[in-house]
Structure formats: structure tokens, C-alpha cells
Ligand SMILES: Cc1cc2nc3c(=O)[nH]c(=O)nc-3n(C[C@H](O)[C@H](O)[C@H](O)COP(=O)(O)OP(=O)(O)OC[C@H]3O[C@@H](n4cnc5c(N)ncnc54)[C@H](O)[C@@H]3O)c2cc1C
């Protein structure tokens, strides 16, 4: 059988796992991976915390996929600006959208727009050297910082804020961010959870790590660790929640060590207003209680309020995918609607030809590895459907390279990326770091010319 051409839009974990699953499924599949960003690997490069280098080793697995002769990579080629649906459906038999969840969820409270009120999405992208966010400026000369949320992203942000320049200097954190860490004057970091300690979304190892930072005391007031009957039952049924709770108990104290920087973890609070004159000065919280709503323990306000002074608020309350031109979107779930990865709600000549994998398929949940199983499911679905199609779907053989060159697009192919990757590692080696990232394509291309 002749080649079946597949376009994968989004070169994060889901994109690379999809490409590998296609390669493994059948040698008829030939895959082109596109990404808006010049460099691949999505949140592995721009999300995973710089002091968690071991996790980034998964990039080696993706590089193996990228080197396969049936795979091509086109970095700096975003959908739909440079490749739109009309082009994709003419040139490819099947399309996979693996674009992740690029937006953040909002608190929707007054004062959210004040200077110093920041989403974890932009803050994380900033310290990780994301090309679209590296011009931002954040100031760590704040005595108090509030982190809203208690998931693993909140853990990353709280941990990094609690560290000093010296504790981060050997990571691949962007240089301009490291400069800010030189002026890190934070004394208190408040991690705020809407619900109780039995419902904390973080995982135990990430929480434990907070307690291992030199010079930092993690504080949970013992009174906050008392559990109601429903929460006790939740703990009985979940070993991961039990582990988190046991870790929280290790931090229980009312004795504050004034010689240390503090991470205060506080429960049952919802931010209601961010207050300040042009910039954040304090946050007003409403105390919550837990109520059972059809088996789900929800937070309900008690009309009792408290305020915490802070000049920075980082909202780490989750990510959101946004709609893509020409594709259906489920606003409520913030995903592209699909059945086991096959996009539903597409009529006409694209019906049955569009698939999704990763966060845009199932929402912003799960570790890097969970996208492998997820991508496999979507590829299985495509393979299952394959027999019902008379191929090829594509209307013509397209020379994508020629198409991009004619438009003067500086795209990055995989061999070029591998050279850039090597250069970044070499730059890092000289400074005792895993790598020093290029912040944009032109900087990388100039360095390649010199090399
Ligand atoms: C801050 C943070 C830290 C994390 N830390 C860990 C960790 O330590 N360990 C762990 O296992 N998991 C971690 N995760 C989870 C992990 O990163 C995700 O499970 C995974 O990245 C999701 O993969 P994805 O491919 O769906 O999305 P992404 O990784 O976001 O990849 C999507 C890709 O699509 C591209 N794209 C978007 N829109 C377009 C478009 N229109 N056209 C072309 N390309 C486009 C993006 O540029 C990106 O490269 C973390 C997540 C976050 C947010």
C-alpha cells in the first residue's frame, strides 16, 4: 500500500507519542509534526521545573522518534497562521491535533488585572525561557507572595520561589529569571487551597520536596489538619490522598522559626478580591466549609473573611485549551470533543480524518507519561477506522518545504533542532548547567552559523 500521510499539530509529549505510535502501528504511516514554537517538546521544555532535570530526560525518547526517516519536524510553523485546514486536508490523509492547553483558568474576581497578579502559565513560561514570554518582567523583591492552588504546578512555583539564586544557578532556568532570583527577598509564601487537606491535589513527593529546601520552614497549622467524617472516608479510599495528608502532618506546627523563609499552607480559603492601588497589596479570602454535593466534597463560603498582605499573587488553578479555527470545541470541558481520540462533529470531506491526543483531548491532567497511553488510544482508533476508508484522502503530493520557503518562513527541521540542542548543552556545560536555552530562533540560527 502507498504512503499514508499524517500531520501532527503540536510537538509536545502527545505529538511525539502519537508519531511513535503511528510508526509502530504500520510502516505505511509517514508523519510531519508542526509546532508554533521553533523548538520541540512543549511543556517538557517550557513547563517542567528547571530543578527537575531528570524528568526532562524523556526528551531523548522523543528525539529517537524525531530521527526516524518517516518523521519530519517543522518548528516555527503554527496552525492556522502558516498551515491552515485547507492546506492540511489537501496534503495529508489524517490530521492529529496535539496542541495541549495553552491558556490558564481565571479566578474571575475583582482586582485580578492588578500589577503583580500573575497566572502560573505565564510565570512558568517566563522562568523557563519561552520565546513568547521571555520579555516579561517579574519582581521577587516582595516580602509576601500568595500562590493560589495546591496542585503540582503550585508546588513547583512555591518551591522555586522558596529557593535562592545559588540553589537554582546550576539549572537551565533562563538567565534573566535567575537575575531576578539574585534579588529574591521573599520571606513568606502562602499556598492557598480552596478545600481541605484531604482534597489537596498535589502529589506526596512534590509536597515532601518543599520540606527539603535548605533555609525554608513549611508550616501547616495543626488546627487546619482536623478532618470531618467525609474527608476521613475520602482518605480511607485513596492511598495517594493519605500520603499527602501524612506529609502535611509532618509540617504541622505553630512555632514559626524567624530565621527561615516560610511556606505557609492554608486550607479552606477562596480568594474573593485582590486589593491594591494599581498593584497588588493584599488579597481578601472567604473561609470555606466542605459540603457534600452528590458525593463530591465541595467548598462553600461561610461569609467569614480574612486578608493576607502580599505584593504578588500567582494563580495556579489549572490550564485550559482554547478553540482552534475550523474545529469543534466543547466550551464546558475546554477540549476538542472526541470519542477515544476521533474528533466528533466534523462533517464533509474531513469526517473521520481528524484525531486528538494529550491535554487538548482529555483536559489538562496527568503526567508526561500518561500522554503515551492516551496517544496510543487515538492511534488505535485511527487504525481501527482505516479499513472503512478508501485511501488516499489527500488531493495532491505537496512539497511542504517548498511551500514554506516560498513564504520565507524560517522553519526548523529535526536535524537543525538536534544541532541547536547540542549547542545549548555545550553552552550549559561551560557553566555547569544542563543547557543554556536559546530564547528565540534568530539567536539560535546565528549561533549555528558561527559554529
Ligand atoms: C508547569 C507544568 C509543570 C509540569 N511538570 C511536570 C513534571 O514535572 N512531570 C510530569 O510528568 N508532567 C509534568 N507536567 C505535565 C506535562 O507537561 C503534560 O502532561 C504534557 O506536557 C501534556 O502534553 P501535550 O503534548 O498535550 O501538551 P504540551 O506539552 O503543551 O504540548 C503542546 C504543543 O503544541 C504546540 N502548539 C500549541 N498550539 C499550537 C498551534 N496552534 N499550532 C502548532 N503548534 C501548537 C505548543 O507550542 C506545544 O509545543 C507539567 C505541566 C505543567 C503545566
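Values in this text are rule-based calculations from the coordinates and carry no lab data. These numbers come from a predicted model, not from an experiment. Methodologically, a virtual Cβ is constructed for each residue, glycine included, from the backbone with ideal geometry; neighbour enumeration extends over all protein chains shown.
Things to note:
- Sites residue 446 and residue 407 - FRET efficiency at Förster radius 25 Å, r taken between beta-carbons, to 0.05: 0.70
- Prolate/oblate/rounded call for the chain, Cα gyration tensor, a/c under 1.5 rounded: prolate
- Listed peptides 69-80, 223-234 appear in the order 69-80, 223-234 once ranked by packing, highest mean of other Cβ atoms within 10 Å at the front.
- Folded to 0 to 90 degrees: helix 152-162 orientation relative to the chain principal axis, Cα: 60 degrees
- Over segment 165-294, Cα pairs under 8 Å with separation of 6+ residues give a relative contact order of 32 percent.
- Pairwise FRET efficiency - residue 87 versus residue 325, Cβ, R0 = 22 Å, nearest 0.05: 0.95
- Over the chain: helical MRE at 222 nm, DSSP H runs n ≥ 4 each giving -39500 (n - 2.57), nearest 500: -9500 deg cm²/dmol
- Rel. contact order, % - alpha carbon contacts under 8 angstrom, at least six apart, the chain: 22 percent
- Inter-label distance, nm, simple model (7 Å from Cα along the C-beta direction), residue 141/residue 256: 2.4 nm
- Expressed to the nearest 5 percent, the antiparallel share of DSSP beta bridges inside the chain is 35 percent.
- Modelled FRET efficiency - R0 60 Å, residue 333 with residue 309, Cβ distances, 0.05 increments: 0.95
- In whole angstrom, segment 105-319 maps to an equivalent ellipsoid with semi-axes of 28, 20, 16, each derived as √(5λ) from the alpha carbon gyration tensor and ordered largest first.
- Near-label residues of segment 251-278 by backbone N, under 17 Å of a point 7 Å along Cα→Cβ of residue 114: 270-278
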